[in-house]
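Working notes, structure below.
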Amino acid sequence: MINYETFIGLEIHIQLLTETKIFCGCKSKFGDKPNSNVCPVCLGYPGVLPALNEEAVKLSYIVCRAMNCTLADYGVFERKNYFYPDLTKNYQISQFANPFGRNGYFEYESGGETKRINIHEIHLEEDAGKMIHQGGRSFCDYNRAGTCLLEIVTEPEFKTGQEAEDFLQAFRRTVRHLGVCDGNMEEGSLRCDANISINEEGKGLGRKVEIKNMNSSRFVKMALGYERKRQEKVLNSGGVIVQETRLWDEARSVSESMRTKEEAHDYRYFPEPDLPPFRPDQAFFDMIEAAQVELPLARRKRIAAEYGLSDEQADYIVEEKACTDYFEKTVAAGADAQETAKWIMGNVAKELNSRGFSKSDLGTAACPLTSARLAELLVMLSENRIHGKIAAQALQAVFDENKDPGTIVSEKGWDSTADEGELEKIVKQVLDDNPKAAEQIRGGDQKPRGFIMGKVMAATKGTANPQSVQELISNLLA
């Protein structure tokens, strides 16, 4: 039985969150009418001149710095020559000799361990258009042509599809935390190609196969698992792996040959004559350093230790930067960290989902539940001014009425501490009205307690604190 080593590398493309395209002023927006955001520059008309998008360069360097790359102090753009129907110029303006970032690394968690993958390079380029196939015909939508595309190339250091999936999910969280990409794989703003080779142990890299057409991290894992088994079967039968590009068929969960690739393409790179080299100064590098944020892995470890959260709670809270910021602001406003995490994962998530919000809306002007309001609600709950059921109703009212929880509780008469003496009178009256149940409780039969509790809650319109009622029942019957 031959033992094989697996070598997996990823090529990740992210569309940068810029208002306009990389070399022209057309909108960079998904979902608009086909071919509505185009101009002579991004359509490649003869005689037009590209102008480099400054924001795209800034966002690119932010990613390079977060990936611990050596930052280029001299960046050049080249023409990469090849023909595709969705690339009107027959060349793509990209980077080859001088990418913005090189020799970096990224840490992520997989299988309960922190792992490190080396980054070969990160370069900026323009995206191509999109082919649309309908009714046996093919169409080209050039709205995407010219959008700002950043490519991150890893070294072939992953050993399993699971590691690649975990890396991709961690990377997506990171670019979202950095605010450089929305990470939507279904819309194509984050795309991933994978290359995989296997070889006998100790013999180094095998013959590489590239897999395309994977629009989720789960499909990346599935495709790599399938391809690893396919290659092993070929080698065990005495065959030879063909260097090729394959497509992942998600419906049938198989990879299919797209085109052979016996030798690397000769793209005939040469410097883009219409774009001068980019030479950042120290002020630019200082700006990039100031734009860095605490990355998700480090932040998850910190809040788990600082606030005593479980791994499950920390993972949920740190999934979205907006949610993490919201959590820490709520705790800073006086709420208990454990209760805050519990409510965000439970009642708050339920309300968000039912109203068309997501975790990324927390802390924004669109969401009525500010961190200060959630903190106020949880403080009232901890002080026994309201109980859990009333707190849940107050949370719903915050969304419905856009008011502070304190105001809502006061207006609706839900404050259970308004008059402790009055609550004792109500409990005593209920016991007096139900002597048989009271006598049973005195005799040790606790079943009627629920009946008494129900009568008291009805009399107080549900505002009484259940714990206080239980204590009063015990004291009055002692």
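Yes or no: Asp445 among the acidic types (Asp, Glu), more than 48 Å from the chain's Cα centre (by Cα), assigned to a helix (DSSP H, G or I) and more than 26 Å from Val331 (Cα to Cα)? For Asp445, the condition - among the acidic types (Asp, Glu), more than 48 Å from the chain's Cα centre (by Cα), assigned to a helix (DSSP H, G or I) and more than 26 Å from Val331 (Cα to Cα) - is not met.
Condition first: surrounded by 15 or more Cβ atoms within 10 Å (Cβ to Cβ) and within 19 Å of the chain's Cα centre (by Cα). Can you find one or more residues in region 306-314 that meet it? Show your work before the answer.
Initial filter on region 306-314 (surrounded by 15 or more Cβ atoms within 10 Å (Cβ to Cβ)): 307, 309, 313-314.
Still in the list and also within 19 Å of the chain's Cα centre (by Cα): 313-314.
Within region 306-314, one or more residues are surrounded by 15 or more Cβ atoms within 10 Å (Cβ to Cβ) and within 19 Å of the chain's Cα centre (by Cα).
Leu71 satisfies every condition listed in (1) out of contact with any Phe, Trp or Tyr (no Cβ under 7 Å at 6 or more places or on another chain); (2) closer than 30 Å to Gln282 by Cβ; (3) touching a residue at least 60 places away in the same chain (Cβ under 8 Å) except (1).
Taking region 68-84 as the range and being in a strand (DSSP E or B) and more than 28 Å from the chain's Cα centre (by Cα) as the test, the residues that pass are Gly75, Glu78, Arg79, Lys80, Asn81, Tyr84.
Condition check ((1) over 31 Å from the mean Cα position of the chain (by Cα); (2) free of Cβ contacts under 8 Å to residues at least 40 places away in the same chain; (3) part of a loop (DSSP other than H, G, I, E, B)) across all residues:
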residue: Leu235; (1), (2), (3): yes, no, no
residue: Val242; (1), (2), (3): yes, yes, yes
residue: Thr245; (1), (2), (3): no, yes, no
residue: Arg252; (1), (2), (3): no, yes, yes
residue: Pro273; (1), (2), (3): yes, yes, yes
residue: Pro276; (1), (2), (3): yes, yes, yes
residue: Ile288; (1), (2), (3): no, no, no
residue: Gln292; (1), (2), (3): no, no, yes
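Taking region 7-40 as the range and being in contact with a Phe, Trp or Tyr (Cβ under 6 Å, 6 or more places away or on another chain) and not in a strand (DSSP E or B) as the test, the residues that pass are Asn35, Val38.
Considering only residues of region 158-183 that are part of a loop (DSSP other than H, G, I, E, B) and in contact with a helix residue (DSSP H, G or I) (Cβ under 9 Å, 6 or more places away or on another chain), which is farthest from Tyr105 (Cα to Cα)? So that I can check it myself, show each step before the final result.
Going through region 158-183, the residues part of a loop (DSSP other than H, G, I, E, B) turn out to be 159-160, 179-183.
Next, from what is left, pick out any that are in contact with a helix residue (DSSP H, G or I) (Cβ under 9 Å, 6 or more places away or on another chain): 160, 179-183.
Numbers: Thr160: 18, Gly179: 20, Val180: 18, Cys181: 19, Asp182: 22, Gly183: 20 Å.
Filtering region 158-183 for residues that are part of a loop (DSSP other than H, G, I, E, B) and in contact with a helix residue (DSSP H, G or I) (Cβ under 9 Å, 6 or more places away or on another chain), the one farthest from Tyr105 (Cα to Cα) comes out as Asp182.
Within region 356-364, does at least one residue satisfy the condition of being in a loop (DSSP other than H, G, I, E, B), over 30 Å from Ala66 (Cα atoms) and not polar (S, T, N, Q)? First the steps, then the outcome.
We begin by selecting, within region 356-364, every residue in a loop (DSSP other than H, G, I, E, B); these are 356-358, 362-364.
So of that shortlist, the ones also over 30 Å from Ala66 (Cα atoms) come out as 356.
Checking which are not polar (S, T, N, Q) leaves us with 356.
The answer is yes; a qualifying residue exists.
Could you identify the single residue in Ala298, Ala335 that is assigned to a helix (DSSP H, G or I) and either more than 19 Å from the chain's Cα centre (by Cα) or of a type in the set (Gly, Ala, Ser) (or both)? Sole residue among the options that is assigned to a helix (DSSP H, G or I) and either more than 19 Å from the chain's Cα centre (by Cα) or of a type in the set (Gly, Ala, Ser) (or both): Ala298. Within region 51-64, being touching a residue at least 40 places away in the same chain (Cβ under 8 Å) and either buried (at least 19 other Cβ atoms within 10 Å of the Cβ) or of a type in the set (A, V, I, L, M) (or both) holds for Leu52, Asn53, Ala56, Val57, Leu59, Ser60, Tyr61, Ile62, Val63, Cys64. Of the residues making up region 86-122, those that are under 22 Å from Arg144 (Cα atoms) and either in a strand (DSSP E or B) or not assigned by TED's automatic domain parsing to the domain that holds Phe139 (or both) number 6.
The values are calculated or read from the model by the stated rules, or taken from the named source; none is laboratory data. Keep in mind that this is a model prediction, so the values were computed, not measured. Quick reminder, even Gly has a Cβ in these numbers, built from the backbone with ideal geometry, and neighbours come from all protein chains shown.
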